[in-house]
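Asker: Quick one: the structure is below, and I'll ask about it shortly.
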Amino acid sequence: MASGSEPWSSGVAEEDALIGETTDVELLKRAWRNEKAAPEILQFQAALVLRAREQIQLLEGTVEEFVGNGVDDLAVSLYQMDLDRTQFLLRSYLRLRLQKIEKYMIHISKTNLWNRLSEQEQNFAKRCTDIMEKHLEQSVLSRLPFGYQSILKQSISSEEDDMVPEPQLDTFVFCKTRGDVGAFQLDDTGDEMVDLVADDLYVLRYKSIKGLVENGQIDLV
Amino acid sequence: MAGQSDPHLSIFSAPEVEFLAEDEVIEIVPNIRMESLHMICGDFGPFFPQIAAKVPLWLAVALKRRGKCAIRVPEWMSVERLTQALEAERESPREFQTLPFHYVEISRLLFDHAHDDIPDEYMVRSLIEDIRDVRFHKVETGLESISGRTHAVKLKNLSAMEVNIVRPFIIRTLQAFYKHDSPQMIQQPEATGNRRSQVADRGPRRDLRPR
Amino acid sequence: MYGRRASQLLGELAAAETGQLTVYNSDTFDQVIKECNEHNVQLQSLFRKMEEQNLDIQTTRNEDYFGAVIHHLSLARNKRCLMAYMYNRAETIQSLRWKIGKKLPQEIQEKLSFSEGEYFKNHSAAIDSYMSELDLDLTVDMIPPKDPYIQIRVLDDIGEVSLGDLEISLTRHSVHFLRRTDAEQFISQGLMEEFLG
């Protein structure tokens, strides 16, 4: 498709930077977008969530104070909107993660994805897995012949766990690099290279850019 | 899973794309005096009558709806710039012009809430519609060029709404090519509920033993 | 044909719209379970037969062995279908907690098996306990927020109304800026409409 060579040149991108890529809202939004678009669960942004919650609490207090002190309705309603927006992002982010846990709980609990969960998410995952196991046990597994009763394996003759739903890492994702990444290898054999230029939009296989997502060089959109 | 569409194909809902667009910065001209706003999403103001200030679009719209400001239409939304953009879109069948990532949503929000601030509103409206159409057409023809050899697609300057619309098509197409292109993948055990077609290949591996 | 019934279960899933539950098909489900056990009976008896002939199951490749393989594969396939059926339904059931809430309406409850009903309750409790650990309700703010205030035009004379600490006279054709939550009741009764400047 279109692939011009001139750099992204409008003032729009710069203005984006102006509002401060550094605000926690901006960071939260990025985490939210990446979490939404990535097929597997990403590292929990513990410090960021903590900060966002603190700021929400602080502002909630301020708004209450304003109302009490008769600060004008206009400012109060604007602050309320700011609060609503941040709350939505935070809740939606946490919800997305729970939904990924719900979907891939068994896979997550037996791989190192486990370490990406917060403590509360781990508790949730444990509980969910128990509940799911119990449900499948009593509806299906216990009613099957010996040798076919595992939740992980099709039968005792399966060598590996072949019954566990896993995220599809070879799916394609839309992404934008934050800075120039340069020539990047897309497959294991090194046959496919792509030059990742800042702010350009690409559709790539998640598996091949997973590392760039994890270290923050690329954003999913 | 089985028979259901992949939930990853539609990632952002239209309200969510709009939500993201509402954080784009825009210039307003307040008609009131208001102290600085120290918000979670940043500090804005102080505001003085007739002195332009930069705020996120959601804030601009909120003030506008309360009659507290006029919104300065961004440069790219002028008839002149849009006419240029439209011409350029038409002239280069394989390239997308540089427009803000959220140009569709920004312009719609402004039409809905600040149409009186847009000079030549109807002209602007129709230019943006034309640009959208030309670009969508380009996206469609671009999709036809995806082939089995495609490991990466570059979509320079494609906007958020356009991404959202083409996402399911592009992902499904690339995935289909990718699957048919890599024979080793078919044999790879991948255990999910929706991959039951592979079951047939999996004979008893080790010890098919009586109990 | 082996495995046909099981695939019917998945056909039902596939035919349902995403997020919609069909009635738990206990008849077909139980029949597939029965098929599984029949396959196993056949499988075991073929193995016994081979053992009685002093044949090594690991190496012998005669008709009995391949017969056993067919039963094994059919059983495994049935199991996969049963699991996919339950698992996919469980996913939809999970999503109901987010979409509908803790209490499911009768018409949905009727579609669930007993175990699924239990599953919903337990899973719902797991979500609750996560939320209380975090001290944060995640069942609100499901969609991006809008301006809590909305401009409306009054369509019919409503008269004096008190909204919170605000006394307001809602005369026909007048335009006001109200809390969205206050306006919604009037809008749904057709007494007001949203007014985009």
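The values are calculated or read from the model by the stated rules, or taken from the named source; none is laboratory data. Predicted model only: the values in this text are computed from it and were never measured. Here the Cβ is made from the backbone with ideal geometry for all residues, glycine too, and neighbour counts use every protein chain on show.
Asker: When only residues in segment B:43-77 that are outside any helix (DSSP H, G or I) and in contact (Cβ under 8 Å) with a residue 40 or more places away in the chain count, which is nearest to residue B:143 (Cα to Cα)?
Answerer: In this case the residue turns out to be B:74.
Asker: In segment A:160-182, which residues are at pLDDT 90 or above, facing chain B (nearest Cβ under 8 Å) and part of a loop (DSSP other than H, G, I, E, B)?
Answerer: A:160, A:161, A:162, A:163, A:164, A:165, A:166, A:168
Asker: While we're here: Find the residue count for segment A:74-95, including only residues that are surrounded by fewer than 19 Cβ atoms within 10 Å (Cβ to Cβ) and more than 9 Å from chain C (Cβ to nearest Cβ).
Answerer: Adding up the residues that qualify gives 3.
Asker: Then there is this: Outside the structural domain of residue C:16 (by TED's automatic domain parsing) and exposed (fewer than 12 other Cβ atoms within 10 Å of the Cβ): does that describe residue C:107?
Answerer: Numbers: outside the structural domain of residue C:16 (by TED's automatic domain parsing): no; exposed (fewer than 12 other Cβ atoms within 10 Å of the Cβ): yes.
Against the criterion (outside the structural domain of residue C:16 (by TED's automatic domain parsing) and exposed (fewer than 12 other Cβ atoms within 10 Å of the Cβ)), residue C:107 does not qualify.
Asker: Here is a further query. Being hydroxyl-bearing (Ser, Thr, Tyr), crowded, with 21+ Cβ neighbours inside 10 Å and in contact with a His (Cβ under 9 Å, 6 or more places away or on another chain) narrows it down to one of A:155, A:139, so name that one. Quick ask: steps written out before the conclusion?
Answerer: Details: A:139 fails: in contact with a His (Cβ under 9 Å, 6 or more places away or on another chain).
The conditions single out A:155.
Asker: For residue C:60, which of the numbered conditions (1) part of a helix (DSSP H, G or I); (2) more than 22 Å from the chain's Cα centre (by Cα); (3) more than 9 Å from chain B (Cβ to nearest Cβ) fails to hold?
Answerer: (1)
Asker: I would also like to ask the following. Select from segment A:69-94 the residues that are aliphatic (A, V, I, L, M) and under 31 Å from the mean Cα position of the chain (by Cα) and write down the one among them that is nearest to residue B:64 (Cα to Cα).
Answerer: Of segment A:69-94, the ones aliphatic (A, V, I, L, M) are A:71, A:74-76, A:78, A:81, A:83, A:89-90, A:94.
Restricting the remaining residues to those that are under 31 Å from the mean Cα position of the chain (by Cα) gives A:78, A:81, A:83, A:89-90, A:94.
Details: A:78: 12, A:81: 14, A:83: 19, A:89: 24, A:90: 27, A:94: 32 Å.
Step by step, filter segment A:69-94, then rank; the result is A:78.
Asker: Is there a residue being facing another protein chain (nearest Cβ under 9 Å) and under 30 Å from residue A:125 (Cα atoms) anywhere in segment C:145-165?
Answerer: yes
Asker: With C:157, C:147, C:137, C:141 as the choices, which residue is in a loop (DSSP other than H, G, I, E, B) and buried (at least 19 other Cβ atoms within 10 Å of the Cβ)?
Answerer: Result: C:147 is the single residue among C:157, C:147, C:137, C:141 that is in a loop (DSSP other than H, G, I, E, B) and buried (at least 19 other Cβ atoms within 10 Å of the Cβ).
Residues are listed down the side, and each one gets a yes or a no for (1) β-branched (Val, Ile, Thr); (2) part of a helix (DSSP H, G or I); (3) in contact (Cβ under 8 Å) with a residue 12 or more places away in the chain:
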residue	(1), (2), (3)
C:69	yes, yes, no
C:78	no, yes, yes
C:82	no, yes, yes
C:91	no, yes, no
C:117	no, yes, no
C:133	no, yes, no
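Asker: While we're here: When segment A:31-54 is examined, which residues are found to be touching a Ser or Thr at 6+ places or on another chain (Cβ under 7 Å) and surrounded by 11 or more Cβ atoms within 10 Å (Cβ to Cβ)?
Answerer: Within segment A:31-54, A:32, A:39, A:44, A:52 meet the criteria.
Asker: Among the helices (runs of 4 or more DSSP H) contained in segment A:1-77, which hold 2 or more residues that are at pLDDT 90 or above?
Answerer: Filter on segment A:1-77 gives A:24-37, A:46-69.
Asker: Taking segment A:98-135 only, how many residues are closer than 18 Å to residue C:134 by Cα, touching a residue at least 40 places away in the same chain (Cβ under 8 Å), in a helix (DSSP H, G or I) and facing chain C (nearest Cβ under 10 Å)?
Answerer: Residues in segment A:98-135 being closer than 18 Å to residue C:134 by Cα, touching a residue at least 40 places away in the same chain (Cβ under 8 Å), in a helix (DSSP H, G or I) and facing chain C (nearest Cβ under 10 Å): 2 in total.
Asker: Among the candidates A:161, A:199, which residue alone is touching a residue at least 40 places away in the same chain (Cβ under 8 Å) and at positive phi?
Answerer: One residue alone meets the criteria, A:199.
Asker: Is it the case, given these coordinates, that residue C:79 is at the interface with chain B (Cβ under 10 Å from one of its Cβ atoms) and among the basic types (Lys, Arg)?
Answerer: Answer is yes for this residue.
Per-residue answers, yes or no, for (1) of a type outside the set (Lys, Arg); (2) farther than 30 Å from residue B:11 by Cα; (3) in contact with a helix residue (DSSP H, G or I) (Cβ under 6 Å, 6 or more places away or on another chain):
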position: C:60; (1), (2), (3): yes, yes, no
position: C:67; (1), (2), (3): yes, yes, yes
position: C:101; (1), (2), (3): yes, no, no
position: C:108; (1), (2), (3): yes, no, no
position: C:119; (1), (2), (3): yes, no, yes
position: C:138; (1), (2), (3): yes, no, yes
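Here is a yes/no grid of residues against (1) within 30 Å of residue C:173 (Cβ to Cβ); (2) modelled with pLDDT of 95 or more; (3) charged (D, E, K, R):
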| site | (1), (2), (3) |
| --- | --- |
| C:79 | no, yes, yes |
| C:96 | no, no, no |
| C:101 | no, no, no |
| C:114 | no, yes, no |
| C:119 | no, yes, no |
| C:125 | no, yes, no |
| C:128 | no, yes, yes |
| C:151 | yes, no, no |
| C:158 | yes, no, no |
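Asker: Which condition number does residue A:116 fail, the rest of (1) closer than 30 Å to residue C:28 by Cα; (2) out of contact with any Gly (no Cβ under 8 Å at 6 or more places or on another chain) being met?
Answerer: (1)
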